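Chemist: Below: one structure in C-alpha cells.
The values are calculated or read from the model by the stated rules, or taken from the named source; none is laboratory data. Only a predicted model underlies this, so the values are computations on that prediction, with no experimental measurement involved. All Cβ positions, even for glycine, are placed from backbone atoms using ideal geometry, and neighbour counts span all protein chains on display. In case anyone asks, the SASA skips ligands and DNA or RNA and just uses the protein heavy atoms, side chains included. Shrake-Rupley method; radii C 1.70, N 1.55, O 1.52, S 1.80 Å.
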Amino acid sequence: MRKDLIRSSVAIVALTVMLGLVYPLVMTGIAQVAFPGKSDGSLIRSGGKVTGSTLLAQPWQRPVLDRAGRPKKDADGNPVTEPDPKYFQPRPSATGYSASVTFFGNHGPNQTSTRDLTHQNIEAYISLEKPYNPGLVAAKVPVDAATFSASGVDPDISRTNAGIQARRIAAVRHLSPDRVAHLIAQNTDGRGLGIFGERGVNTTTLNHALDQEAR
C-alpha cells in the first residue's frame, strides 16, 4: 500500500512537471523561433503601439454628436456611436467585437428574433451604403453583412461585401476606385490550405492599410 502511494505520488509530480511545465515551455520556445509573429497573437503595431490583431475584427465607429457638437449618450450614460464611413465595416457582432467573450448570436433559424435582427442589420447596411450604391436593395445585400460570425470577432468579409463598401471608401477618402481595389486585393486572405472555404477580405488589416495610405 505504501509503495503504491509513493509510486502514484512520484508519477503525479513527474507528469505535472513534464506536461505542465516542460512541455509548454518547449512548445512556446519553438513557436517563438518558428512563428514569432503568430505566436504573439499576430499583433498590429503602429507608432510603437499595439493597435490590433490580424485575427480580430474591431469596431470601426465614431461618436454621434448632438446639435451642440457634443457626443451623445444613451440612458445609461454610454456614448452613442455609429459606423465610421472612412472604414470598411466587419460583420455584425453579438459581443460588440469583444475578444474576451467571443460567441455567436444564439438565435434559431425559426425565431422571430433572428428575423428581426437580420432585418435590422440589412437596414443598417443599406443606410450606410446606398448613398454610394444607388441600386442597392435588400436582395443584393451580402449574407455576411447581415449575419453574425461564429466567434463575433471574425475580421473577414466577402469580396462582394468589400466591393460594395469600396465605393463609399473611395468617395469619403477621395481615393481612386482602382487604388481601393488594389488595397482590397492586398488584404484578401486565401482559402484554408488552398482548398477550404472562400477567400475573405480582412477588414482589420485593410483599414490599417487605408490609414497608412492617408499618412
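Chemist: Only one of these is among the hydroxyl-bearing types (S, T, Y) and more than 22 Å from P85 (Cβ to Cβ): T203, T118, T188. Name it.
Modeler: Step by step, each of T203, T118, T188 is checked, and only T118 is among the hydroxyl-bearing types (S, T, Y) and more than 22 Å from P85 (Cβ to Cβ).
Chemist: Could you please tell me which pairs satisfy a Cβ distance under 6 Å, a separation of 6+ or placement on different chains, a first residue in region 134-152 that is under 18 Å from D116 (Cβ atoms), and a second residue that is at pLDDT 95 or above and open to solvent by less than 10 Å² (accessible area, probe 1.4 Å)?
Modeler: That search, which allows pairs on different chains as well, returns A145/N161.
Chemist: Are any residues in region 125-135 surrounded by fewer than 17 Cβ atoms within 10 Å (Cβ to Cβ) and in contact with a helix residue (DSSP H, G or I) (Cβ under 9 Å, 6 or more places away or on another chain), and if so, which ones?
Modeler: Matches in region 125-135: P131 only.
Chemist: Modelled with pLDDT under 90 and within 17 Å of the chain's Cα centre (by Cα): is that true of F103 in this structure?
Modeler: yes
Chemist: Next question, about the same structure. So, in region 52-71, how many residues would count as being loosely packed, with under 13 Cβ neighbours inside 10 Å and among the basic types (K, R)?
Modeler: 2
Chemist: Here's another thing I want to ask about it. Take the residues in region 173-195 that are assigned to a loop (DSSP other than H, G, I, E, B) and open to solvent by less than 80 Å² (accessible area, probe 1.4 Å), then tell me which one is modelled with the lowest pLDDT.
Modeler: Looking at residues that are assigned to a loop (DSSP other than H, G, I, E, B) and open to solvent by less than 80 Å² (accessible area, probe 1.4 Å), I get G194.
Chemist: Given the options A68, A94, name the one that is in contact (Cβ under 8 Å) with a residue 24 or more places away in the chain, part of a loop (DSSP other than H, G, I, E, B) and not charged (D, E, K, R).
Modeler: One residue alone meets the criteria, A94.
Chemist: Let me ask you something else. List pairs: first residue in region 192-208 and free of Cβ contacts under 8 Å to residues at least 40 places away in the same chain, second residue basic (K, R) and open to solvent by 50 Å² or more (accessible area, probe 1.4 Å) anywhere in the structure, Cβ distance under 6 angstrom, at least six positions apart or on different chains.
Modeler: Correct list of pairs: G197/R191.
Chemist: Given A146, A94, A139, which one is farther than 25 Å from A209 by Cβ and in contact with a Ser or Thr (Cβ under 7 Å, 6 or more places away or on another chain)?
Modeler: A146
Chemist: Of L25, L15, which residue is modelled with pLDDT under 80 and over 30 Å from Q165 (Cβ atoms)?
Modeler: L25
Chemist: Quick one: S151 ticks every box in (1) surrounded by 20 or more Cβ atoms within 10 Å (Cβ to Cβ); (2) in a loop (DSSP other than H, G, I, E, B) except a single one, so which number is it?
Modeler: Going through the list (1) surrounded by 20 or more Cβ atoms within 10 Å (Cβ to Cβ); (2) in a loop (DSSP other than H, G, I, E, B), S151 breaks only (1).
Chemist: Just to be sure I understand, how many residues within region 154-172 are surrounded by fewer than 22 Cβ atoms within 10 Å (Cβ to Cβ) and of a type in the set (D, E, K, R)?
Modeler: The qualifying residues number 2.
Chemist: Report whether or not L117 is assigned to a loop (DSSP other than H, G, I, E, B), over 17 Å from the mean Cα position of the chain (by Cα) and in contact (Cβ under 8 Å) with a residue 12 or more places away in the chain.
Modeler: no
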